[in-house]
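Structure first, then comments.
The values are calculated or read from the model by the stated rules, or taken from the named source; none is laboratory data. Everything numeric in this text was worked out from a predicted model, so none of it was measured. Here the Cβ positions follow ideal geometry from the backbone for every residue, glycine too, while neighbour counts run over all protein chains shown.
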Amino acid sequence: MEGDNYLWRIEWRDEFLVGDPIVDAQHRSFFEEVGQLRIALLADEPQAKFLEYCDAFTDSVRTHFAEEERLMERIGFPRLREHRFEHALLLTRVEEARREIAGAACLLDCMMATRNLMIMLVEHLLHEDMRIKAHLRGQAAAR
């Protein structure tokens, strides 16, 4: 998109795949949803519309965390308790970002809150969710 600052765009990569089709589809969807948030900001949509996107994204995050926790239970993931705690912290941060966006005085503040939100989610995926991937691979290798 012309005039779009690629430095705050974060795009899906196959290295983010965990190995569960449902969880992977949800992860990929997050990137698409945040892309929609970014496009809404750049299109200067009304704040109420942008907040609708934020609310839908927050709902998606809640649904995803529940699904991911069911997966971890199913596969006997040893760090389930710690991962649940990380999910609770991250959901709190997602809700805080939504409040920041609602109270933002300018477009740049909204952009930064959106970018920071996506960075938090990618960091969680790369640091925490990749442990699920390793566990799934270990189970497959043991068969």
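Q26 falls short on exactly one of the conditions (1) without any contact (Cβ under 8 Å) to a residue 24 or more places away in the chain; (2) part of a helix (DSSP H, G or I), and that condition is (1). Of L117, L41, L126, L37, all but one fail to be part of a helix (DSSP H, G or I), at negative phi, within 19 Å of the chain's Cα centre (by Cα) and surrounded by fewer than 15 Cβ atoms within 10 Å (Cβ to Cβ); the exception is L126. Picking from residues in segment 17-31 that are surrounded by fewer than 16 Cβ atoms within 10 Å (Cβ to Cβ) and of a type in the set (G, A, S), the one that is nearest to R74 (Cα to Cα) is A25. Taken together, the criteria place L51 among residues that are surrounded by fewer than 18 Cβ atoms within 10 Å (Cβ to Cβ), touching a residue at least 40 places away in the same chain (Cβ under 8 Å) and touching a Lys or Arg at 6+ places or on another chain (Cβ under 8 Å).
Residue-wise test of (1) modelled with pLDDT of 95 or more; (2) over 25 Å from L37 (Cβ atoms).
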{"position": "F77", "(1), (2)": "yes, yes"}
{"position": "R81", "(1), (2)": "yes, yes"}
{"position": "R84", "(1), (2)": "yes, yes"}
{"position": "A88", "(1), (2)": "yes, no"}
{"position": "L91", "(1), (2)": "no, no"}
{"position": "V94", "(1), (2)": "no, no"}
{"position": "R99", "(1), (2)": "no, no"}
{"position": "A102", "(1), (2)": "no, no"}
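Are any of the residues in segment 74-90 surrounded by fewer than 18 Cβ atoms within 10 Å (Cβ to Cβ), within 30 Å of G138 (Cα to Cα) and touching a residue at least 60 places away in the same chain (Cβ under 8 Å)? Yes; the residues of segment 74-90 include at least one that is surrounded by fewer than 18 Cβ atoms within 10 Å (Cβ to Cβ), within 30 Å of G138 (Cα to Cα) and touching a residue at least 60 places away in the same chain (Cβ under 8 Å).
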